[in-house]
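Peer 1: Take this structure first; my questions come after.
Any read-out appearing in this document is the output of simple, stated calculations on the displayed coordinates, not a laboratory observation. On a predicted model such as this, the values are computed, not experimentally measured, just so you know. Note that we place each Cβ from the backbone using ideal geometry, even for glycine, and neighbour counts take in every protein chain shown.
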Amino acid sequence: QVQLEDSGGGSVQAGDSLRLSCVASGRAFTSYAMGWFRQAPGKERELVAGISWSGGRSYYAASVKGRFIISRDNFKNAVYLQMNSLKPEDTADYYCAASVSEKYDYAPAYGYWGQGTQVTVSS
């Protein structure tokens with residue numbers, strides 16, 4: 001089994017940056033792709049970014065491409081989301097997720113979730 005602990009959210013002003021982090025524990029699925037989802041009130045859960053096991057390939061939703069950067073450190077079993085130039089529309093609960101396969105850009109492939117960390121961006 002895989003346990004995910006995500007953190008790093010907070011309240012910031014538009015244009016600021018935040019870095020979300022997630023640490024995975026357990027042997028199963030720790031070498032698979034990982035990513036970040038977000039969900040805002042009244043909106044569907046969205047795959048924001050995904051990264052392959054090796055870290056060599058990544059996916060970004062169109063709404064965050066060019067502003068967010070996903071990375072991972074397999075020695076620490078950790079994945080990060082650097083969020084730059086934050087906008088009010090980025091306000092949401094963000095969830096670290098682990099894929100049950102090697103697919104990193106396919107939302108249904110993710111099956112393990114962190115507890116969520118809230119990001120609030122004010123104008």
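Peer 1: What is the Cα radius of gyration of the range 76-123 over 2.2 N^0.38 Å, N being its residue count?
Peer 2: 1.34
Peer 1: Tell me which residues come under 5 Å, amide H to amide H, from residue 101 once H is placed; ignore anything under 5 positions away on its chain.
Peer 2: Those qualifying (amide H under 5 Å, at least 5 residues apart or on another chain) are 33.
Peer 1: Sticking with this structure for a sec: Per residue of the range 55-70, what does 6.51 cos²θ - 1.76 cosθ + 1.60 with θ = phi - 60° give for ³J(HN,Hα)? Whole Hz please, x for Gly and Pro, Karplus curve as stated.
Peer 2: x, x, 10, 9, 10, 9, 5, 4, 5, 10, 4, x, 10, 9, 9, 9
Peer 1: Let me ask something additional. Order 89-96, 33-40 from most to least packed using the mean count of other Cβ atoms within 10 Å.
Peer 2: Packing order, densest peptide first, comes out as 33-40, 89-96.
Peer 1: Treating the beta-carbon of each Lys and Arg as +1 and of each Asp and Glu as -1, no other charges, what is the dipole magnitude of the range 40-89 about its Cα centre, to the nearest 20 debye?
Peer 2: It comes to approximately 80 debye.
Peer 1: Where a Cα-Cα gap under 22 Å defines reach, which lysines qualify for residue 87, not counting those fewer than 8 residues away within the same chain?
Peer 2: 43, 65
Peer 1: Could you size up the charge dipole of the chain around its Cα centre, putting +1 on the beta carbon of Lys and Arg and -1 on that of Asp and Glu, and report it in debye to the nearest 20?
Peer 2: Magnitude of the dipole: close to 220 debye.
Peer 1: Quick one: which residues, 5+ away or cross-chain, put their amide H under 5 Å from the amide H of residue 68? H built at 1.01 Å from N.
Peer 2: Amide H neighbours of residue 68: 84.
Peer 1: Another question, if that's okay. Hey, what do the phi angles of the range 71-78 turn into as Karplus ³J(HN,Hα) couplings, whole Hz, using 6.51/-1.76/1.60 and θ = phi - 60°, x for Gly and Pro?
Peer 2: So the J values, rounded to whole Hz, are 8, 8, 10, 5, 5, 9, 6, 10.
Peer 1: Sticking with the crude label model, points 7 Å out along Cα→Cβ, report the distance from residue 71 to residue 106 in nm, one decimal please.
Peer 2: 2.9
Peer 1: To continue, here is another question. Quick one: Karplus J couplings for the range 96-113, per residue in order, coefficients 6.51, -1.76, 1.60, θ = phi - 60°, nearest Hz, x for Gly and Pro?
Peer 2: 3J(HN,Hα) across the range 96-113, in whole Hz: 6, 9, 10, 6, 8, 9, 7, 6, 10, 10, 10, 3, x, 6, 7, x, 10, 9.
Peer 1: Put a dot 7 Å past each Cα toward the Cβ at residue 7 and residue 61; how far apart are the dots in nm?
Peer 2: About 2.5 nm separates the two model spin labels.
Peer 1: Hey, another quick one. Please report the Cα spread of the range 36-76 along all three principal axes, rounded to whole Å, starting with the longest.
Peer 2: In descending order, the Cα extents are 37, 21, 13 Å.
Peer 1: For residue 123, project a label point 7 Å along Cα to C-beta. Then give me every residue of the range 1-28 with its amide nitrogen under 12 Å of that point.
Peer 2: Those under the cut-off are 14.
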